[in-house]
Amino acid sequence: MNVSYEWLRSFVALDETPAQLRDLITAHTATVEELHALREDLASIVVGRVVESQAIPETKLTANRVDVGAAELVEVVCGAPNVTVGKLYPFAPSGTVMPEGGNKPGLKLEKRKIRGFMSNGMLCSARELALGADADGIWELDLDVAPGTPLLQAIPVGDTQLVIDVLANRPDLLSHLGIAREVAAITGRGMALPRFEGDGLPVPAPVAAPSDGSTAGVRVRLEAGARCRRYMGVVIRGITVGPSPEWLRHRLAAVGARSINNVVDATNYVLWEMGQPTHAFDLAKLAGPEVMVRLAREGEAITTLDGTARTLDARAVVIADAKAPIAIAGVMGGRDSEVTEATTDLFLEVASFDPALTRVSRRALGLSTDASYRFERGVDPALAPGALERCARLIVALAGGRIDGAPVDLGGEPATPAPVALRAARVARVLGGEVSAGEIGRLLQGIGFAVEPGPDGALRVTPPSWRSDVTAEIDLIEEVARLRGYDSFPDTLQPGRPSAVPDAPMWTLAARVRDALVGEGLLEARPLPFVSGAEEGFVRVANPLAENEAYLRTEVLDTLARRAEHNLAHMQGNVRLFEVGAVFTPRASGEAMPDEELRVGILVMGDREPVHFTQPQSPVYDEWDAKWLGEVVARAAYPGARVALEPSADPEALWEILVGGEGRGVVRRLVLDAPVWAAPAFGVELSLSAVTSAQVAAPGANAHGGTAAVGPSPAARTTRYRPLPTTPAAEFDLALLVRDDLPAAEVERVIRRTAGELLESLVLFDRYQGKGVDEGYRSLAWRLTFRHPERTLRDKEIEGRRAKILSTLQSELDVRPRTS
């Protein structure tokens with residue numbers, strides 16, 4: 001959602017800067033992802049006052065001396081006819097790059113000599129600054145500001161755009177009204193809709209009907225299958241279509257919308273201001289005249305406003321006249337009924353269409369518009385009357401004309417949301433801090449909730465029509481928390497009692513399998529279960545995230561194989577992955593939902609263990625390693641059961657995993673899209689759905705079916721975190737002659753004790769026996785890394801520690817440095 005800072009200020013008297021407003025909205029309402037300063041291309045333009053002006057002979061030019069707030073006057077040559085001494089004009093100094101959209105886009109002003117006079121910049125017209133169409137002369141500013149004042153401070157053209165990440169459950173925030181409502185509640189200030197000339201125009205009260213009505217001779221009907229929640233319309237006659245005023249063009253430009261004409265701009269203004277999409281039809285182009293909301297008929301076509309001819313899906317909802325569709329409901333209007341310069345009479349619609357059907361229409365046509373984005377998330381039906389009046393008044397104010405008769409209102413008033421009981425004690429228990437009933441009421445009333453005393457000391461809270469996401473007490477507690485500020489509650493853990501509800505059996509099983517595989521050095525992957533698949537044997541997702549992965553997987557190894565190929569594409573050939581996840585198989589025809597089964601998958605390839613200097617080459621995973629992992633995971637999943645791996649009759653598999661004599665899984669070699677240097681890949685897949693409750697709850701069972709010793713499991717060990725270092729490390733190596741009967745661990749113990757607290761790491765990286773080393777000795781080499789947490793270590797400090805270590809090793813262990 002793009003929000004204009006200046007537009008918000010017209011709702012609420014803001015003292016906050018755009019950056020402060022960003023932080024306020026992010027802390028209490030929704031994340032502000034970006035902050036864009038608009039018209040930064042005018043940052044170098046200042047207000048200048050012409051102090052002297054003289055005509056340059058035989059030209060239409062004038063030589064001027066301009067006060068721009070500096071110590072000396074600036075000389076400027078100007079060709080405009082309206083230069084007047086004492087007046088204020090926009091001044092662009094030398095070095096300025098003229099803004100895009102003007103009549104000199106991208107031009108960099110240079111200091112130049114013209115007819116013997118020096119010109120150090122330019123006095124600008126509104127068109128040259130892309131602030132208007134007037135290019136007949138320079139822009140005379142009727143302002144009371146000092147020369148040298150930046151133009152962006154002198155006139156309100158330097159708006160700021162806030163890009164807000166609005167979640168799907170808060171469609172009320174897809175408007176300036178919704179954001180202003182939140183800001184007003186958080187800051188405790190008042191809020192009102194911005195005024196415009198003509199916003200007091202009287203509009204007749206609408207005439208309500210269930211599904212069939214009329215206004216000014218236009219019949220309006222709703223079909224039941226269209227599931228339109230509310231539809232309102234009004235006729236406006238005698239308008240004149242033309243360009244919009246400057247204030248409206250600036251408003252729309254600030255949110256990234258394009259100005260079209262005064263009527264269309266008025267409908268877009270209401271969309272961005274109130275969150276209610278509206279649409280205006282040329283009344284003379286409507287057959288009947290009649291407007292009907294119905295499902296499209298098979299094979300019907302429409303040419304939309306973007307000029308594209310589209311064939312409609314029978315599930316799409318359309319707005320139609322007596323002959324054919326004139327708009328795709330909630331998505332886009334049709335070209336045959338669009339407003340043009342010849343339009344004099346309008347039919348203005350305001351509706352609340354069904355979110356699910358709007359999404360069906362939009363996806364079938366591959367269209368996405370500002371209107372469909374809002375309708376898919378839910379437009380409040382109670383917003384329609386106010387939006388209709390607002391839009392009708394704005395059209396009359398901009399294009400003239402008159403409202404002809406009372407508006408029609410079909411579908412009926414929306415139901416009042418059910419009240420929710422809220423207990424102050426429950427608020428305190430959940431949030432960890434006391435919040436009085438009075439403060440709770442004040443916070444919730446600020447964003448439109450009705451609060452009144454209820455039974456047993458609870459509050460009876462009725463959500464406003466635009467907050468359909470609030471249905472339970474916990475939803476209200478969340479509202480209290482965010483409005484009050486999350487940082488106002490204590491961050492200490494409150495006392496509580498453990499739950500008597502046991503963990504879900506399958507969760508316990510999955511945790512045990514994870515512990516066993518992590519103990520074997522594998523890493524867990526958690527990808528999405530979508531694959532490319534095929535029509536037969538796979539389940540297709542109704543609304544896939546991507547068409548190239550539109551099916552549910554039938555094997556966990558299918559997903560892990562794609563992860564391995566991704567690693568190989570990035571030159572990473574050592575892969576040790578596992579996943580505990582679901583697979584899906586289609587059921588018999590006629591049954592919608594597929595069979596779902598929980599499985600664990602393992603994929604290994606490349607080095608079996610880290611490279612070490614004692615081995616010339618690290619061993620790689622082979623089929624016997626995969627067989628061992630199959631046995632490990634089977635014993636972890638089925639503790640106490642008889643597990644065996646036997647050669648598989650399937651030519652594509654290596655072994656079948658038998659549990660209690662029944663096949664539960666497979667070990668096989670995998671075929672990947674891999675480079676020639678890649679090692680073989682092996683996979684294990686085991687079904688977990690056949691695990692019994694007794695096996696899930698087996699206490700103390702380890703991966704081999706025995707009883708584990710009491711004590712912390714690897715997953716329960718405490719992990720300590722520390723900040724990344726900010727100072728450089730100092731390293732040196734020690735090559736030492738050590739007796740064959742002296743353990744290397746004893747040498748390390750002395751080194752660590754002597755090196756002190758600045759020793760960050762100690763690594764044995766070499767062992768040598770042979771020529772140059774006395775009989776009965778071996779050469780061992782360690783790398784020592786030192787680091788001070790606050791400063792860089794000096795060479796003398798490092799040398800001193802080295803000498804002390806060698807001295808201590810000589811005296812305590814008779815270990816001396818190797819010199820050759």
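The values are calculated or read from the model by the stated rules, or taken from the named source; none is laboratory data. As the structure is a computational prediction, the values presented were derived from the model and not from experiment. A quick note on method: Cβ atoms are made from the backbone with ideal geometry, for glycine too, and the neighbour counts reach across all protein chains shown. These accessible areas exclude ligands, DNA and RNA; they are computed on the full protein's heavy atoms, side chains included. Shrake-Rupley method; radii C 1.70, N 1.55, O 1.52, S 1.80 Å.
Dividing the C-alpha radius of gyration of the stretch 430-493 by 2.2 N^0.38 Å, with N its residue count, gives 1.12. Positive end of the dipole of the chain (Cβ unit charges, origin at the Cα centre): among Thr808, Ala342, Ile319, the Cα lying farthest that way belongs to Thr808. Tell me whether the stretch 282-344 comes out rounded, prolate or oblate; compute the Cα gyration tensor, take square roots of the eigenvalues as a ≥ b ≥ c, and use a/c under 1.5 as the rounded threshold. Taking the square roots of the gyration eigenvalues as a ≥ b ≥ c, the stretch 282-344 is oblate.
Return one quarter of the surface area of the convex hull spanned by the alpha-carbon atoms of the stretch 408-523, equal to its mean projected area, in nm². Write down the numbers at each step before the final one.
Numbers: hull surface 54.2 nm².
Taking the Cα atoms of the stretch 408-523, their convex hull projects to 13.6 nm² on average.
Amide H to amide H distances under 5 Å link Cys228 with no residue, where only residues 5 or more positions off or on other chains count and H is placed in the peptide plane. Working value for the stretch 483-561: equivalent-ellipsoid semi-axes of 37, 23, 14 Å, each the square root of 5 times a Cα gyration tensor eigenvalue, largest first.
In order along the stretch 79-86, the phi-based Karplus estimate (6.51 cos²θ - 1.76 cosθ + 1.60, θ = phi - 60°) of 3J(HN,Hα) comes to x, 6, x, 10, 6, 10, 4, x Hz; Gly and Pro are listed as x.
Got a number for carbon plus sulfur as a percent of the chain's accessible area, 1.4 Å probe?
On the way: 20940 of 41430 Å².
After summing per-atom areas, the C and S share lands at 51 percent.
For the stretch 544-596, pairs of C-alpha atoms spaced more than 16 angstrom apart make up 57 percent of the total.
Annotation: peptides 526-538, 22-34, ranked by per-residue average of other Cβ atoms within 10 Å with the highest first, follow the order 22-34, 526-538. Here the chain is treated with +1 on each Lys and Arg Cβ and -1 on each Asp and Glu Cβ, and its dipole about the Cα centre works out to around 1040 debye. Placing a pseudo-label 7 Å from each Cα along the Cα-to-Cβ vector at Phe765 and Leu143 gives an inter-label distance of 6.4 nm. The residue list Trp466, Leu552, Leu517 was ranked by how far each Cα lies along the charge dipole of the stretch 442-573 toward its positive end, using unit charges on Cβ atoms, and Trp466 comes out on top. Note on the chain: dipole from Cβ charges, positive end direction compared against Phe375, His788, Gly537; the farthest Cα belongs to His788.
Packing-based ranking of 720-733, 191-204, 144-157, 601-614 yields 601-614, 144-157, 191-204, 720-733, ordered from highest to lowest mean Cβ neighbour count within 10 Å. Remark: the Cα gyration tensor places the stretch 74-129 in the oblate category, a/c being 1.5 or greater and a/b not exceeding b/c. Loop-only GluC sites (Glu not before Pro) in the stretch 73-181, please: DSSP not H, G, I, E or B, and at most 13 other Cβ atoms within 10 Å. Qualifying residues, ordered by number: Glu100, Glu110. In the P(r) worked out for the stretch 170-295, what percent of Cα pairs fall beyond 21 Å? Across the stretch 170-295, Cα pairs with separations above 21 Å total 55 percent.
Among the DSSP helices (H) of the chain, those spanning at least 18 angstrom by Cα along their long axis with an average Kyte-Doolittle hydropathy of 0.5 or more are 384-399; this is a geometric and hydropathy rule only. Every pair of different Cα atoms in the stretch 1-58 enters the Kirkwood calculation, which places the hydrodynamic radius at 15.0 Å.
Based on the convex hull around the alpha carbon atoms, the stretch 733-787 presents an average projected area of 3.7 nm². Annotation: peptides 7-16, 391-400, 750-759, 768-777, ranked by per-residue average of other Cβ atoms within 10 Å with the highest first, follow the order 391-400, 7-16, 750-759, 768-777.
Sorting Leu222, Leu35 by solvent-accessible area of protein heavy atoms yields Leu35, Leu222, largest first, with a 1.4 Å probe.
Taking the Kirkwood radius as Rh and the Cα radius of gyration as Rg, the chain has a ratio of Rg/Rh equal to 1.08.
Principal axis extents of the Cα atoms in the stretch 212-256, from largest to smallest and rounded to whole angstrom, are 42, 28, 10.
In this structure the amide hydrogen of Arg816, modeled in the peptide plane, comes within under 5 Å of the amide hydrogens of Leu737, none closer than 5 places in sequence on its chain.
Please compute, over every Cα-Cα pair in the stretch 65-207, the percentage with a separation greater than 22 angstrom.
Working: 5938 of 10153 pairs.
The answer is 58 percent, as a whole percent.
For the chain, lysine pairs with C-alpha atoms less than 21 angstrom apart, excluding pairs fewer than eight positions apart on the same chain, total 7.
Note on the stretch 1-142: Cα-only Rg and Dmax are 19.2, 66 Å. Its convex hull of Cα atoms gives the stretch 612-683 a direction-averaged projected area, equal to a quarter of the hull surface, of 6.7 nm².
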